[in-house]
Amino acid sequence: MAEITRSGISDRQQEIVGLVRDRGYVSIDMLAERFGVSQQTVRRDIIFLAEQNLVQRHHGGAGLPPGTDTLAYSNRKIRNAAEKALIGREIAKQIPNGASVFIDIGTTMEAVADALIGHEGLRIITNHIGVVSTLCEHTDFEIILTGGLVRNRDRAITGESTTEFIRNFRVGYGIFGIGSLTEDGQLLDYHYRDAQASRAALEISKVKFVGIDHSKFNTDAMMPFAHVSDIDALFTDRDPPAGLKRVIDESGCDLFVAHDDATEKPLKSAG
(Lines give C-alpha, C1' and ligand atoms only; values in the text may rest on other atoms or scores of the structure.)
Protein backbone atom coordinates (compact mmCIF):
# COMPACT_ATOMS: atom_id res chain seq x y z
CA MET A 1 0.00 0.00 0.00
CA ALA A 2 1.26 3.47 -0.84
CA GLU A 3 2.55 5.44 2.14
CA ILE A 4 0.17 8.17 3.34
CA THR A 5 1.81 11.52 4.05
CA ARG A 6 0.82 13.82 6.89
CA SER A 7 -1.27 15.83 4.43
CA GLY A 8 -3.40 12.76 3.71
CA ILE A 9 -2.01 12.38 0.17
CA SER A 10 0.02 9.30 -0.67
CA ASP A 11 3.46 9.44 -2.26
CA ARG A 12 1.99 8.09 -5.49
CA GLN A 13 -0.71 10.76 -5.51
CA GLN A 14 1.85 13.48 -4.89
CA GLU A 15 3.84 12.21 -7.85
CA ILE A 16 0.70 12.23 -10.00
CA VAL A 17 0.16 15.90 -9.08
CA GLY A 18 3.79 16.62 -9.99
CA LEU A 19 3.43 14.91 -13.37
CA VAL A 20 0.26 16.85 -14.16
CA ARG A 21 1.92 20.15 -13.26
CA ASP A 22 4.95 19.25 -15.33
CA ARG A 23 3.14 18.01 -18.45
CA GLY A 24 -0.27 19.62 -18.30
CA TYR A 25 -2.02 16.27 -18.88
CA VAL A 26 -1.35 12.62 -18.03
CA SER A 27 -3.31 9.57 -19.11
CA ILE A 28 -4.60 6.78 -16.90
CA ASP A 29 -2.78 4.20 -19.05
CA MET A 30 0.58 5.91 -18.55
CA LEU A 31 0.09 6.32 -14.79
CA ALA A 32 -0.95 2.69 -14.34
CA GLU A 33 2.13 1.50 -16.19
CA ARG A 34 4.44 3.93 -14.40
CA PHE A 35 3.32 2.93 -10.90
CA GLY A 36 2.59 -0.74 -11.58
CA VAL A 37 -1.01 -0.48 -10.38
CA SER A 38 -4.40 -1.06 -11.98
CA GLN A 39 -6.22 1.56 -13.98
CA GLN A 40 -9.00 1.46 -11.39
CA THR A 41 -6.49 2.41 -8.69
CA VAL A 42 -5.32 5.34 -10.78
CA ARG A 43 -8.93 6.44 -11.35
CA ARG A 44 -9.52 6.45 -7.59
CA ASP A 45 -6.37 8.54 -7.14
CA ILE A 46 -7.54 11.05 -9.74
CA ILE A 47 -11.02 11.28 -8.21
CA PHE A 48 -9.49 11.96 -4.79
CA LEU A 49 -7.05 14.55 -6.13
CA ALA A 50 -9.81 16.26 -8.11
CA GLU A 51 -11.86 16.54 -4.91
CA GLN A 52 -8.87 18.32 -3.36
CA ASN A 53 -8.70 20.63 -6.44
CA LEU A 54 -5.16 19.41 -7.14
CA VAL A 55 -6.00 18.06 -10.60
CA GLN A 56 -8.94 18.21 -13.00
CA ARG A 57 -10.53 14.96 -14.18
CA HIS A 58 -10.68 14.33 -17.90
CA HIS A 59 -11.86 11.36 -19.89
CA GLY A 60 -8.91 8.97 -19.81
CA GLY A 61 -6.67 11.06 -17.57
CA ALA A 62 -6.07 14.17 -15.49
CA GLY A 63 -5.10 17.73 -16.26
CA LEU A 64 -4.38 20.97 -14.49
CA PRO A 65 -7.13 22.45 -12.34
CA PRO A 66 -8.58 25.81 -13.39
CA GLY A 67 -6.37 28.77 -12.55
CA THR A 68 -3.02 26.95 -12.68
CA ASP A 69 -2.48 26.71 -16.45
CA THR A 70 -0.63 30.01 -16.83
CA LEU A 71 1.86 29.12 -14.11
CA ALA A 72 2.42 25.71 -15.72
CA TYR A 73 3.23 27.36 -19.06
CA SER A 74 5.73 29.65 -17.34
CA ASN A 75 7.35 26.60 -15.78
CA ARG A 76 7.59 24.92 -19.20
CA LYS A 77 9.34 28.00 -20.60
CA ILE A 78 12.00 27.70 -17.91
CA ARG A 79 12.47 23.93 -18.23
CA ASN A 80 15.21 23.03 -20.73
CA ALA A 81 15.40 26.69 -21.76
CA ALA A 82 19.08 26.45 -22.79
CA GLU A 83 18.36 23.40 -24.95
CA LYS A 84 15.39 25.12 -26.59
CA ALA A 85 17.55 28.16 -27.33
CA LEU A 86 20.09 25.91 -29.06
CA ILE A 87 17.36 24.28 -31.11
CA GLY A 88 15.94 27.68 -32.02
CA ARG A 89 19.30 28.96 -33.23
CA GLU A 90 19.94 25.89 -35.38
CA ILE A 91 16.53 26.13 -36.99
CA ALA A 92 17.07 29.85 -37.61
CA LYS A 93 20.27 29.06 -39.52
CA GLN A 94 18.17 27.27 -42.13
CA ILE A 95 15.77 30.17 -42.73
CA PRO A 96 16.98 32.62 -45.39
CA ASN A 97 16.27 36.32 -45.29
CA GLY A 98 13.05 37.24 -47.08
CA ALA A 99 11.42 33.85 -46.50
CA SER A 100 7.76 33.23 -45.70
CA VAL A 101 7.43 31.20 -42.49
CA PHE A 102 4.70 29.61 -40.40
CA ILE A 103 5.62 29.35 -36.69
CA ASP A 104 3.62 26.99 -34.48
CA ILE A 105 2.70 27.34 -30.80
CA GLY A 106 4.81 26.29 -27.81
CA THR A 107 7.81 27.28 -25.73
CA THR A 108 10.32 25.94 -28.26
CA MET A 109 8.66 28.06 -30.93
CA GLU A 110 9.17 31.12 -28.75
CA ALA A 111 12.87 30.22 -28.73
CA VAL A 112 12.76 30.02 -32.53
CA ALA A 113 11.22 33.50 -32.66
CA ASP A 114 14.03 34.82 -30.46
CA ALA A 115 16.59 33.27 -32.80
CA LEU A 116 15.01 34.85 -35.89
CA ILE A 117 15.34 38.42 -34.60
CA GLY A 118 18.56 39.00 -36.55
CA HIS A 119 16.96 38.08 -39.89
CA GLU A 120 15.71 40.54 -42.48
CA GLY A 121 12.50 40.74 -44.47
CA LEU A 122 10.73 37.71 -43.07
CA ARG A 123 6.99 37.24 -43.57
CA ILE A 124 5.55 35.39 -40.60
CA ILE A 125 2.25 33.59 -40.06
CA THR A 126 1.64 32.27 -36.55
CA ASN A 127 -1.11 31.24 -34.16
CA HIS A 128 0.97 32.13 -31.10
CA ILE A 129 0.64 35.56 -29.48
CA GLY A 130 3.96 35.00 -27.68
CA VAL A 131 5.75 34.71 -31.02
CA VAL A 132 4.05 37.88 -32.25
CA SER A 133 5.07 39.80 -29.11
CA THR A 134 8.70 38.81 -29.48
CA LEU A 135 8.93 39.66 -33.16
CA CYS A 136 6.91 42.90 -32.95
CA GLU A 137 9.19 44.28 -30.26
CA HIS A 138 12.45 43.52 -32.06
CA THR A 139 11.85 43.36 -35.83
CA ASP A 140 9.99 45.01 -38.68
CA PHE A 141 8.83 41.67 -40.13
CA GLU A 142 5.46 41.40 -41.83
CA ILE A 143 3.45 39.37 -39.30
CA ILE A 144 0.04 37.74 -39.72
CA LEU A 145 -1.71 36.46 -36.60
CA THR A 146 -4.38 33.85 -37.27
CA GLY A 147 -7.95 34.24 -36.13
CA GLY A 148 -9.50 31.88 -33.64
CA LEU A 149 -10.04 31.17 -29.96
CA VAL A 150 -7.37 32.56 -27.62
CA ARG A 151 -6.26 30.04 -24.99
CA ASN A 152 -5.33 32.10 -21.96
CA ARG A 153 -2.77 29.81 -20.39
CA ASP A 154 -0.25 29.85 -23.26
CA ARG A 155 -1.54 32.65 -25.54
CA ALA A 156 -2.14 30.14 -28.34
CA ILE A 157 -4.87 30.70 -30.91
CA THR A 158 -6.73 27.58 -31.89
CA GLY A 159 -10.02 26.16 -33.11
CA GLU A 160 -11.75 25.46 -36.41
CA SER A 161 -11.51 29.09 -37.56
CA THR A 162 -7.74 28.97 -36.98
CA THR A 163 -7.41 25.88 -39.15
CA GLU A 164 -9.48 27.42 -41.94
CA PHE A 165 -7.54 30.70 -41.74
CA ILE A 166 -4.21 28.89 -42.15
CA ARG A 167 -5.42 27.08 -45.28
CA ASN A 168 -5.69 30.42 -47.12
CA PHE A 169 -1.90 30.77 -47.32
CA ARG A 170 1.24 29.12 -48.69
CA VAL A 171 4.64 29.47 -47.01
CA GLY A 172 8.17 28.42 -47.80
CA TYR A 173 8.92 27.09 -44.32
CA GLY A 174 6.76 25.61 -41.57
CA ILE A 175 8.28 25.32 -38.09
CA PHE A 176 6.45 23.11 -35.61
CA GLY A 177 6.57 22.27 -31.93
CA ILE A 178 5.06 18.98 -30.75
CA GLY A 179 3.98 17.27 -27.54
CA SER A 180 5.71 13.95 -28.16
CA LEU A 181 7.71 11.91 -30.66
CA THR A 182 7.09 8.18 -30.32
CA GLU A 183 9.35 5.21 -31.01
CA ASP A 184 7.56 4.55 -34.31
CA GLY A 185 8.03 8.14 -35.49
CA GLN A 186 4.58 9.55 -34.75
CA LEU A 187 4.37 13.29 -34.01
CA LEU A 188 1.77 13.85 -31.29
CA ASP A 189 0.06 16.81 -29.69
CA TYR A 190 -1.96 17.15 -26.49
CA HIS A 191 -5.01 18.84 -27.97
CA TYR A 192 -7.28 17.94 -30.89
CA ARG A 193 -7.66 21.56 -32.00
CA ASP A 194 -3.90 22.14 -31.98
CA ALA A 195 -3.30 19.00 -34.01
CA GLN A 196 -5.86 20.11 -36.59
CA ALA A 197 -4.19 23.50 -36.98
CA SER A 198 -0.77 21.85 -37.29
CA ARG A 199 -2.02 19.50 -40.00
CA ALA A 200 -3.31 22.48 -41.97
CA ALA A 201 0.02 24.29 -41.54
CA LEU A 202 1.91 21.22 -42.75
CA GLU A 203 -0.20 21.25 -45.89
CA ILE A 204 0.66 24.86 -46.72
CA SER A 205 4.41 24.57 -45.97
CA LYS A 206 6.92 23.69 -48.67
CA VAL A 207 9.72 22.80 -46.23
CA LYS A 208 8.74 21.41 -42.83
CA PHE A 209 10.88 21.59 -39.67
CA VAL A 210 10.11 20.23 -36.20
CA GLY A 211 11.90 21.42 -33.06
CA ILE A 212 11.76 19.16 -30.01
CA ASP A 213 13.92 18.95 -26.90
CA HIS A 214 14.86 15.55 -25.50
CA SER A 215 12.14 15.60 -22.82
CA LYS A 216 9.53 15.09 -25.55
CA PHE A 217 10.75 11.65 -26.62
CA ASN A 218 7.94 9.15 -25.89
CA THR A 219 5.92 11.39 -23.57
CA ASP A 220 2.21 11.18 -22.90
CA ALA A 221 0.63 13.27 -25.69
CA MET A 222 -2.27 11.49 -27.35
CA MET A 223 -3.25 13.24 -30.60
CA PRO A 224 -1.23 12.19 -33.70
CA PHE A 225 -0.98 14.77 -36.47
CA ALA A 226 1.95 13.60 -38.60
CA HIS A 227 4.87 11.18 -38.96
CA VAL A 228 8.57 11.97 -39.27
CA SER A 229 8.32 10.87 -42.92
CA ASP A 230 6.04 13.89 -43.46
CA ILE A 231 8.69 16.43 -42.44
CA ASP A 232 12.05 17.48 -43.88
CA ALA A 233 14.10 17.91 -40.72
CA LEU A 234 13.94 17.23 -37.01
CA PHE A 235 15.93 19.47 -34.66
CA THR A 236 16.67 18.29 -31.13
CA ASP A 237 19.35 18.60 -28.45
CA ARG A 238 20.20 14.92 -27.81
CA ASP A 239 20.40 11.78 -29.88
CA PRO A 240 17.00 10.04 -29.95
CA PRO A 241 16.69 6.47 -28.62
CA ALA A 242 18.18 3.91 -31.01
CA GLY A 243 14.85 2.58 -32.29
CA LEU A 244 13.50 6.05 -33.00
CA LYS A 245 16.74 7.12 -34.66
CA ARG A 246 16.46 4.15 -37.00
CA VAL A 247 12.90 5.15 -37.92
CA ILE A 248 14.04 8.72 -38.58
CA ASP A 249 16.89 7.54 -40.79
CA GLU A 250 14.60 5.22 -42.77
CA SER A 251 11.98 7.96 -43.22
CA GLY A 252 14.34 10.26 -45.12
CA CYS A 253 13.95 12.99 -42.50
CA ASP A 254 17.16 14.90 -41.72
CA LEU A 255 18.14 14.71 -38.06
CA PHE A 256 19.94 17.67 -36.55
CA VAL A 257 21.24 17.38 -32.97
CA ALA A 258 22.14 20.86 -31.74
CA HIS A 259 25.10 21.33 -29.40
CA ASP A 260 26.93 24.37 -28.08
CA ASP A 261 29.64 23.73 -30.66
CA ALA A 262 27.22 22.78 -33.47
CA THR A 263 28.18 23.76 -36.97
CA GLU A 264 25.79 24.68 -39.71
CA LYS A 265 24.33 21.80 -41.70
CA PRO A 266 22.53 22.86 -44.88
CA LEU A 267 19.11 21.31 -45.29
CA LYS A 268 16.44 21.45 -47.96
CA SER A 269 15.63 24.86 -49.36
CA ALA A 270 12.20 26.29 -50.08
CA GLY A 271 13.63 28.23 -52.96
>> Out of E90, E120, E137, E83, I need the residue that is without any contact (Cβ under 8 Å) to a residue 12 or more places away in the chain and of a type in the set (D, E). Which one?
In response: E137
> What do you reckon, is Q40 part of a helix (DSSP H, G or I), within 25 Å of G179 (Cβ to Cβ) and at pLDDT 90 or above?
Replying inline: no
> Looking at this structure, is Y190 touching a strand residue (DSSP E or B) at 6+ places or on another chain (Cβ under 8 Å) and more than 30 Å from N97 (Cβ to Cβ)?
Replying inline: yes
> Taking into account only those residues within the range 158-170 that are touching a strand residue (DSSP E or B) at 6+ places or on another chain (Cβ under 7 Å) and surrounded by fewer than 22 Cβ atoms within 10 Å (Cβ to Cβ), which is modelled with the lowest pLDDT?
Replying inline: G159
>> I'd like the full set of residues that are surrounded by fewer than 24 Cβ atoms within 10 Å (Cβ to Cβ) and on the phi > 0 side of the Ramachandran plot, limited to the range 97-111.
In response: G98
> Any idea which residue in the range 149-193 is farthest from T107 (Cα to Cα), counting only those that are of a type in the set (G, A, S) and under 19 Å from the mean Cα position of the chain (by Cα)?
Replying inline: G185
> Among the residues of the range 64-85, is any farther than 21 Å from N218 by Cα, modelled with pLDDT of 90 or more and either surrounded by 15 or more Cβ atoms within 10 Å (Cβ to Cβ) or not aromatic (F, W, Y) (or both)?
Replying inline: yes
> Among all residue pairs at least 6 apart or on different chains, which show Cβ distances below 8 Å where the first residue, located in the range 1-17, is of a type in the set (S, T, N, Q) and modelled with pLDDT of 70 or more and the second is surrounded by fewer than 15 Cβ atoms within 10 Å (Cβ to Cβ) and in a loop (DSSP other than H, G, I, E, B)?
Replying inline: S10/E3; Q14/T5
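The values are calculated or read from the model by the stated rules, or taken from the named source; none is laboratory data. On a predicted model such as this, the values are computed, not experimentally measured, just so you know. Note that each Cβ is placed from the backbone with ideal geometry, even for glycine, and that neighbours are counted across all protein chains shown.
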